[in-house]
């Protein structure tokens, strides 16, 4: 076969190749040129895209490790109650993402939810707790959220702003957390804390995305 000669554009070298290497050589040179074009294209911040992708994927990994999931149909449920959540968040100085996470874990945003123990509404307030918080109607979303966030604020203050202990107390009661000097060795409570934190990271990431897209 007749040999042909290909010039390497950057180094000035000439590499001899037989005809059946023509397709491979041309493909390589075209790919190399395309790569240079993409990397030098204005407005393309590859590092930012990769970092953003990694950050967006982090909540999914955390949720997977906690064995929880937010179905597509549930993702926008918090939007309906956003004004009430934001109002209570500002009033009691509690992060909206944490409030959303607690509501998701407690009732999955069902304002009519009732547990076997008798807890009611979005934030699943027990009757005695609701009465102590001044909640007249636990099935009223605004009343329930205000009372639930007020109680969450009290727990955060009681446990020196330790969110995990506050959540454990929200689930199992203050007495049990104090009795064990930490999260009680109750499987359901430990899973609850892990689940709320997973939802918290999801809503936190969601809020960051909305801010960046404004």
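The values are calculated or read from the model by the stated rules, or taken from the named source; none is laboratory data. Given the structure is predicted, the values throughout are model-derived calculations rather than measurements. Cβ: placed from backbone, ideal geometry, glycine included. Neighbour counts: every protein chain shown.
At-a-glance table
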{"item": "Residue 157 being at pLDDT 95 or above and loosely packed, with under 15 Cβ neighbours inside 10 Å", "result": "yes"}
{"item": "Matching residues in the range 118-132 - criterion: being exposed (fewer than 14 other Cβ atoms within 10 Å of the Cβ) and on the phi > 0 side of the Ramachandran plot", "result": "118"}
{"item": "Identity of the residue in the range 65-81, crowded, with 16+ Cβ neighbours inside 10 Å and not in a helix (DSSP H, G or I), that ends up modelled with the lowest pLDDT", "result": "66"}
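Okay, residues lined up against (1) more than 17 Å from residue 124 (Cβ to Cβ); (2) in contact with a strand residue (DSSP E or B) (Cβ under 6 Å, 6 or more places away or on another chain); (3) modelled with pLDDT under 95; (4) outside the structural domain of residue 99 (by TED's automatic domain parsing):
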{"site": "167", "(1), (2), (3), (4)": "no, no, no, no"}
{"site": "190", "(1), (2), (3), (4)": "yes, no, no, no"}
{"site": "193", "(1), (2), (3), (4)": "no, no, no, no"}
{"site": "199", "(1), (2), (3), (4)": "no, no, yes, no"}
{"site": "207", "(1), (2), (3), (4)": "yes, no, yes, no"}
